[in-house]
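S.K.: Have a look at this one before I ask anything.
The values are calculated or read from the model by the stated rules, or taken from the named source; none is laboratory data. Computed from a prediction, not measured in an experiment: that's the story for all the values here. Glycine also receives a Cβ, built like all others from the backbone with ideal geometry; neighbour counts cover every protein chain displayed. Calculation scope for accessible area: heavy atoms of the full protein, side chains included, ligands and nucleic acids excluded. Shrake-Rupley method; radii C 1.70, N 1.55, O 1.52, S 1.80 Å.
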Amino acid sequence: MEKKNIDWANLGFGYVQTDKRYVANYKDGAWDDGALISDSTVTISECAGVLQYAQTCFEGLKAYTTEDGHIVTFRPDLNAARLKASCERLEIPVFPEERFLEAVSETVAANEAYVPPYGSGATLYVRPFIFGSSAVIGVAPAAEYQFRVFTTPVGPYFKGGAKPLTIRVSDFDRAAPHGTGHIKAGLNYAMSLYAIVDAHQKGFDENMYLDPATRTKVEETGGANFLFVTKDNKIVTPKSDSILPSITRRSLVTVAKDYLGLEVEEREVLFDEVKDFAECGLCGTAAVISPVGKIVDHGNEICLPSGMTEMGPVTKKLYDTLTGIQMGRIEAPEGWIHVIK
Ligand code: PLP
Ligand code: COI
């Protein structure tokens, strides 16, 4: 199979249309058989639930080419489970988890020519999503839904790759207490757009959101969870009911404990503690682990000792081990790697 003529090394995190996508429709209380199709456009009612009341949720995972030439995904079962949780919270019928796994594999396999080669620095981002497709005008769940999976080859989420980021403490909230912060609802990202545009205009790479109830605890950014490293090499990561349960963060906790022998604390993290940490990283499928060098709180700068030129040493070990597992250089825990071909 011949790969597409793409400049893999210079890809950013953007949308590149690929050949095939998976589509299944829900009608009269059941999902149809689903199929791979070529048409990248969607035609729905002007009054569709997704357009009027944002009834939609999504997932994000990546397909990798391993050192020995296989195409694999990383823990897709956890994406299937998280999409189920998102659907349940949004009154969307669940797309069965087994079928989710098949749909992801079929879509990746059908777009094999777009899976970046091993060592290129790029990966194939996979975006499963579900939305209310039938008309609703009173506030209510739609009667019909569409589940789709498309793929797009991507490079680093943050421009500059592994260069440490500067983030700011946001005055806006991304999630409410007892709201939808713990699921991957499109509405959470709509909520964050004003804050991210404002952050970029002011020269920051991302927003650090604090807990909306007390504004004393660290939550997450618009698209990644936090991992901190203490001066005595412990990993600390925020625990909160209103952050997305990141698959990358959960995997890094295992990597830290079982591969690197580090102590890990998953607990509430006060913003006041941040000034005492040695390293800070943003972790997620898109972000992988992106190092943070500086956190600005209303003009007050916290400069992490790891500095602004490269990843801190513990973050680097976590990064190398996680990406080593994903690319097949390091043996993975049982069940983490899903071989597509
Ligand atoms: N937090 C938010 C708000 C996200 O959008 C994401 C991305 O999916 C993450 C965290 C990281 O989650 P994961 O590691 O499962 O990609
Ligand atoms: C992901 O990491 O998969 C996400 O969905 C985050 C988004 C900011 C791209």
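S.K.: Determine the sum of side-chain charges near residue 165: Lys and Arg each +1, Asp and Glu each -1, restricted to other residues whose C-beta is under 11 angstrom from that of residue 165.
M.R.: +2
S.K.: So, one more: In whole angstrom, note down how far apart the Cα centers of region 163-230 and region 85-99 are.
M.R.: 25
S.K.: Work from the charge dipole of the chain (Cβ charges, +1 for Lys and Arg, -1 for Asp and Glu, about the Cα centre) and give the residue of 142, 41, 324 farthest towards its positive end.
M.R.: The residue sitting farthest along the positive end of the dipole is 324.
S.K.: In addition: Nearest 500 deg cm²/dmol is fine: what mean residue ellipticity at 222 nm does the chain get from its DSSP H runs of n ≥ 4 alone, each adding -39,500 (n - 2.57), divided by its residue count?
M.R.: -6500 deg cm²/dmol
S.K.: Right, here's the next one. Classify region 149-223: rounded, prolate or oblate, from the alpha-carbon gyration tensor (a ≥ b ≥ c, eigenvalue square roots; a/c under 1.5 rounded; otherwise prolate if a/b is larger than b/c)?
M.R.: Oblate shape, in that a/c is at least 1.5 and b/c is the bigger or equal ratio.
S.K.: Run the numbers for residue 31 and residue 276: contour at 0.36 nm per residue of separation, minus the present Cα-Cα distance, in nm.
M.R.: 83.1 nm
S.K.: Residues in region 147-171, backbone N under 19 Å from the label point at residue 39 (7 Å along the Cα-to-beta-carbon vector): list them, ranges by number please.
M.R.: 147-151
S.K.: Taking only Cα atoms and a 10 Å spring cutoff, compute GNM fluctuations for the chain and point out the largest among 42, 72, 94.
M.R.: Ranking 42, 72, 94 by mean-square fluctuation puts 42 first.
S.K.: Treating only the Cβ of Lys, Arg, Asp and Glu as charged (+1, +1, -1, -1), what charge dipole size does the chain show about its Cα centre? Round to the nearest 20 debye.
M.R.: Computed charge dipole of the chain: roughly 460 debye.
S.K.: Test of understanding: in a Gaussian network model of the chain with alpha carbons linked when under 10 Å, which of 138, 161, 328 would top the mean-square fluctuation ranking?
M.R.: Maximum fluctuation in the GNM of the chain, among the listed residues, is at 138.
S.K.: Follow-up question, since we're still on this one. For residue 137, project a label point 7 Å along Cα to C-beta. Then give me every residue of region 32-47 with its amide nitrogen under 13 Å of that point.
M.R.: Residues 46-47 fall inside that zone.
S.K.: Net charge near residue 40, counting Lys/Arg +1 and Asp/Glu -1 over other residues with Cβ under 13 Å of its Cβ?
M.R.: After counting each charged neighbour, the total is +2.
S.K.: Gain in length, residue 163 to residue 66, computed as 0.36 nm per residue apart minus the alpha-carbon separation, to one decimal in nm?
M.R.: Here the segment from residue 163 to residue 66 would lengthen by 32.4 nm.
S.K.: Rounded, prolate or oblate: pick one for the chain, where a ≥ b ≥ c are the square roots of the eigenvalues of its C-alpha gyration tensor, a/c under 1.5 means rounded, and failing that, prolate if a/b is larger than b/c, else oblate.
M.R.: oblate
S.K.: What value in Å³ per residue do you get for the convex hull of the alpha-carbon atoms in region 61-218?
M.R.: 157
S.K.: May I pose another question? Taking only protein heavy atoms into account and a 1.4 Å probe, give the accessible area per residue of region 1-149 in Å².
M.R.: 46
S.K.: With every protein chain kept in place and ligands, DNA and RNA left out, what is the accessible area per residue of region 219-313? Probe 1.4 Å, answer in Å².
M.R.: Result: 40 Å² per residue.
S.K.: Using the Cβ atoms and a cut-off under 13 Å, what net charge is assigned to the surroundings of residue 328, where Lys and Arg are +1 and Asp and Glu are -1?
M.R.: Net charge around residue 328: -2.
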